[in-house]
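Every number here is computed from the coordinates shown, using simple stated rules; none is lab data. These numbers were taken from a predicted model, which means no experiment stands behind them. Using ideal geometry, Cβ is built from the backbone for each residue, glycine included, and neighbour counts are taken over all protein chains shown.
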Amino acid sequence: MASPARCALFIHGVACDHSVWARPAAALAARGWQVLAPDLPGHDGSAAPAPASVQAGADWALAQLPPTGPVALIGHSWGSLIALEAAARLGPRASHLALLGTASPMRVAPALLDLAASAPEDALARIIRYAHSLPEDSAPAQQQLAMGLRVLRANPAQPLLLQGLQACDRYQGAEAALAALACPLLFLTGSHDRMTPPAAAAALIAQARATGLAVQAHELPTGHDIEGEAPAQTLALLLSFLG
């Protein structure tokens, strides 16, 4: 009996959607992987409640997977925390874990949380300014702003931005989840990232290395939108890591 195809699950961040993973998802599919790059609940315009916590996001992520076979998880920002939590629960089925723009803890400024509650589109614009090392009128920044507005406006009944930011801010399980892993890890950080700076991932990287896991860590010349500002480098590193 043929072994099951390798599966890759991509998990996006706050106020994003599956489109952020278009390039690596297509590349892996062309290499024979079973690729899953779904929108988080509520981020696809549906009335499904968005995850209120990283743990709830991991519940959802695990429900997307086939029942057997190895799984590589790739997540950015909030999605990196969800991927980490889900990988810990998968146990030996987790074959690889790639964390982009991650941090522990992933604190969010109280002023930004307040703005996300009262004026989410203004908060989104502020995030875009801080998330990029490129000018606000650059293509990556404008594309992410358009995506974020599309996601928020498609589901105005839910405070998607606030819920996602709060989930990041409140999550305290990264170290315990990392301790439960047995798979190789890839960390991609942005040297100009003002939201999850490289120093904010340093403790996780050190912990992973101390436990003897195979760890790759690369700092790219980007802001928080690593895959948007450095798509070719991100793709090359992901493909090399996943094999």
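Results, tabulated for the structure shown:
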read-out	value
Only Lys, Arg (+1) and Asp, Glu (-1) charged, at Cβ; region 7-242 dipole about Cα centre in debye	440 debye
In region 56-153, GluC sites (Glu not before Pro) in a DSSP loop with at most 12 other beta-carbon atoms within 10 Å	GLU136
Nearest-ten-degree value, helix 78-90 long axis tilted from longest Cα axis of the chain	30 degrees
Angle in degrees between helix 139-154 and the longest Cα principal axis of the chain, rounded to the nearest 10	80 degrees
Convex hull of Cα atoms in the chain, direction-averaged projection (nm²)	12.1 nm²
In degrees, nearest ten, helix 231-242 long axis to first principal axis of the chain (Cα)	30 degrees
Whether region 149-230 is rounded, prolate or oblate, judged on the alpha carbon gyration tensor where a/c under 1.5 counts as rounded	oblate
Estimated [θ] at 222 nm from DSSP helical runs (n ≥ 4, -39500 (n - 2.57)) normalised by residues in the chain, nearest 500	-14000 deg cm²/dmol
Cα centroid separation, region 215-243 to region 1-44 (Å)	16 Å
